[in-house]
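Have a look at the structure below before the remarks.
The values are calculated or read from the model by the stated rules, or taken from the named source; none is laboratory data. Treat the numbers as computed from the prediction; the structure is a model and nothing was measured. Note that we place each Cβ from the backbone using ideal geometry, even for glycine, and neighbour counts take in every protein chain shown. With ligands, DNA and RNA removed, areas are computed over all heavy atoms of the protein, side chains included. Shrake-Rupley method; radii C 1.70, N 1.55, O 1.52, S 1.80 Å.
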Amino acid sequence: MSDLFGDTFGNYMLHGIDEIQIPEPVSWWPQTIGWKVLALALMLWLLYRLYRLAQRWWINRYRRAALAQLDAIEMQADGRYQQVLANLPELLKATALQAYPRTEIAALSGEQWLAFLDSHYDGPAFSDTPGRQLLTVAYQEPSRWQLSAEDANQLITMSRRWIQRHRVQVSSGGRDHA
């Protein structure tokens, strides 16, 4: 039977047809120097942006700590706003001491403290009500506070926003965070 078919087997019509050679796959890697330079520049820019994000995250860790502390105070207070308010002045001062020079912050009190908070924040002014109540909370005992629950909540919200959004100017020490 092998003599009958010879060397070929199958369809005699396909005898003598060669298989098509498929070319190599096209590389996705850029072939010209311009694209390689552009890819390198893009990678360097991306690395720089990641570095700046990491730096900003590191510099702003005091904000996250202050916000976590405020959250913990609110959870411990269990709806009693007097406990939360009693801790606000100290928390705001500690946060400011982390972001600004001690010589600029430590001696501030009263109207100067409220003016400082206002000047470094573009939200509602602390020198207006209910932000002004921060002085009452800082210097008087809770029995003398005349705050409604709504005013207390507004003051807590203002303080939280100040911690989140206060601006810090670039100093000679290289601090650059907002």
Checklist entry - Does the range 58-65 include one or more residues that are on the phi < 0 side of the Ramachandran plot, hydroxyl-bearing (Ser, Thr, Tyr), modelled with pLDDT under 90 and surrounded by 10 or more Cβ atoms within 10 Å (Cβ to Cβ)? => result no
Next on the checklist: Can you confirm whether Tyr100 is modelled with pLDDT of 90 or more and either within 26 Å of the chain's Cα centre (by Cα) or among the hydroxyl-bearing types (Ser, Thr, Tyr) (or both)?
Outcome noted: yes
Checklist outcome for this item: Of the residues in the range 114-124, those that are closer than 12 Å to Pro89 by Cβ and either without any contact (Cβ under 8 Å) to a residue 24 or more places away in the chain or in a loop (DSSP other than H, G, I, E, B) (or both) come to Leu114
Item to check | One residue from Gln146, Gln133 being open to solvent by 20 Å² or more (accessible area, probe 1.4 Å), under 15 Å from Tyr81 (Cβ atoms) and at pLDDT below 85 | outcome: Gln146
Checklist entry - From the residues in the range 125-160 that are in a loop (DSSP other than H, G, I, E, B) and under 27 Å from the mean Cα position of the chain (by Cα), which one is farthest from Leu91 (Cα to Cα)? => result Ala125
Next on the checklist: I want to confirm something. Restricting to the range 74-103 and keeping residues that are open to solvent by 80 Å² or more (accessible area, probe 1.4 Å) and assigned to a helix (DSSP H, G or I), which single residue is nearest to Met158 (Cα to Cα)?
Outcome noted: Glu90
